[in-house]
Amino acid sequence: MEGPAHPLQHRCDVAIIGGGPAGLAAAIRVRFVRSHEALPLSVALLEPGPLGGLLRAGERRMVSGPSHRVDTSSLLAQLIADVERLEIPVVPRWVRTVDRTEDGAFVLGLHDGSSVTAASVVVATGSRRLAGELDWFEDGVYLTYMGISMLPRIIERALAKAGDRTVAIVTNRHVLRLRRAFDLHRRNFLYLVPPDDVEGLENMPGTVVGCDSWRIVRHDSDGFVLALALPGGTVERRVGALLLDYISYQAQPAMPQLRFPFDTARPGVPKVDSLLRSNVPGLFFAGDVTCRYASVTAAMADGIAAGFGAYAFAYEALFGTQPSLFAYRVNETPERFLDTELPRVDGGFRLEWLQKPPAGHALAGLSGLTLDEIASKSGLPQDQVLALIYQGIRDRSLTVRPPVESRKTGGER
Ligand SMILES: Cc1cc2nc3c(=O)[nH]c(=O)nc-3n(C[C@H](O)[C@H](O)[C@H](O)COP(=O)(O)OP(=O)(O)OC[C@H]3O[C@@H](n4cnc5c(N)ncnc54)[C@H](O)[C@@H]3O)c2cc1C
């Protein structure tokens, strides 16, 4: 959660907020919509912590049944390999706000004051933002999960690890629902809650601190040293163990502040349709942030659907026509079956490299140029330049852009 050295202003076609299973699946899907003849769009993945979200909470995780067990560490390794292979830029910042400009583009405000602009956004922020604390999962960091019946056992584990030192409980106002379980152990609890949630929690036994963010500064045999960002500045506190209260967090998802009206299923919880679309054109929600069932498989399925939707939305905003995704959405009209997803690559488009060009590539260094300009600079005939462009599109290393003034962002749904 450290601030970066240089604020960035980043533009991309699709921005994905959150790098858990839902956000990873969405980002990969946007960049890998089809293996052939699909126009690649640019994507940015915003994640302040390590990639994987809650996938990192266990070694081997049962995903959907007693016989269907997925080794989550190899699943995570595969997802990260695809992020690297498709050269998806990971922006290590947390998103505080999401705004819309007059022409419908989204502007993401990041915690260091920088911003990312995108035609379409997938919010996949899960229950809370993570800052690497799961590196100590079950070794000083514990999670409340699997319903309230497990809670006493998890509290006991944290207390046993902490000995007579303080246990920090990272929670929110929904902790009141669990209060009885915590009240049984009237000692040494330091509740870290969002500043707005302090009111109403004054009577909790222990200490309640409203802090905007916190991070682990040190971990040693004597527990953790935490840096708490308080309204007046940062203070350090030593604690013997950390309890991340997911039961409370799952009651209220980790939404960035959306500065425009959007439909909610209940206060603070976004409403989506079966394709993960919100009522705001171009804005999708995927995974635990929708407060449906918390499951890796469900989160990834959401991410895939939202990724397709965001791709199609941004594509139409850029090129004024829907991509053909018929292999994935069979309800498309039959006459479109033979369409390619590629709009015509003619002189009006400009080349954009999405990955580092291979050394010595004839089109390296020619980003931003039109077909005519490339042909005259490279000395290659136009048909050869076009063949190289199509090859780059197929291997998803480059794309073409219409002139900026012809872009549009699509109407209300
Ligand atoms: C202890 C535990 C055990 C579980 N066991 C299972 C199981 O056995 N099987 C199963 O299928 N599921 C299990 N789950 C549930 C599963 O882990 C989640 O449903 C799944 O990880 C949700 O994925 P997600 O991508 O929606 O959210 P997450 O995994 O929570 O990822 C969200 C990401 O978004 C980031 N983020 C949040 N806010 C912001 C912001 N403002 N800006 C940028 N980034 C942000 C976070 O840092 C995080 O990395 C378990 C969960 C827990 C806690």
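Here are the numbers:
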| quantity | calculated |
| --- | --- |
| Placed amide H near Leu243: partners under 5 Å, 5+ positions off or other chain | Tyr142, Ala168, Ile169, Val170 |
| By average C-beta atoms within 10 angstrom, highest first, the peptides 137-147, 374-384 | 137-147, 374-384 |
| Protection proxy ranking of 201-208, 282-289 - average other beta-carbon atoms within 10 Å, highest first | 282-289, 201-208 |
| Base-10 log of normalised Debye intensity for the chain (one unit scatterer per alpha-carbon) at q = 0.07, 0.12, 0.15 Å⁻¹ | -0.38, -0.98, -1.38 |
| Whole-Å semi-axes of the stretch 102-189's equivalent ellipsoid (Cα gyration tensor) | 36, 15, 12 |
| Relative exposure of Asp197, Asp222, judged by other C-beta atoms within 10 Å (fewest first) | Asp222, Asp197 |
| Residue among Val122, Thr264, Val98 farthest towards the positive dipole end of the chain, charges placed on Cβ | Thr264 |
| Relative compactness, the stretch 133-250, computed as alpha-carbon Rg over 2.2 N^0.38 Å | 0.97 |
| Under the span-like rule (Cα at least 15 Å along the axis, Kyte-Doolittle mean at least 0.0), DSSP H helices of the chain | 21-31, 72-85, 151-162, 296-319, 382-394 |
| Point-charge dipole on Cβ atoms (K/R +1, D/E -1) for the stretch 344-406, about Cα centre, debye to 20 | 220 |
| Net charge dipole size for the stretch 80-231 [Lys, Arg +1 and Asp, Glu -1 on Cβ; Debye, nearest 20] | 620 |
| Per-bin percent of Cα-Cα distances, the stretch 344-406 [5 Å] | 4, 20, 34, 28, 12, 3, 0 |
| Highest to lowest packing among 40-48, 348-356, scored as the average C-beta count within 10 Å | 40-48, 348-356 |
| Gyration tensor over alpha-carbon atoms, the stretch 76-145, equivalent ellipsoid semi-axes in Å | 28, 18, 11 |
| Rotationally averaged projected area of the stretch 142-183 (alpha carbon convex hull; nm²) | 3.0 |
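Since every read-out is calculated from the coordinates, none of them should be taken as a lab result. In this text the structure is predicted, and so the values were computed from the model without any measurement. Neighbour counts run over all protein chains shown; Cβ positions are idealised from the backbone, glycine included.
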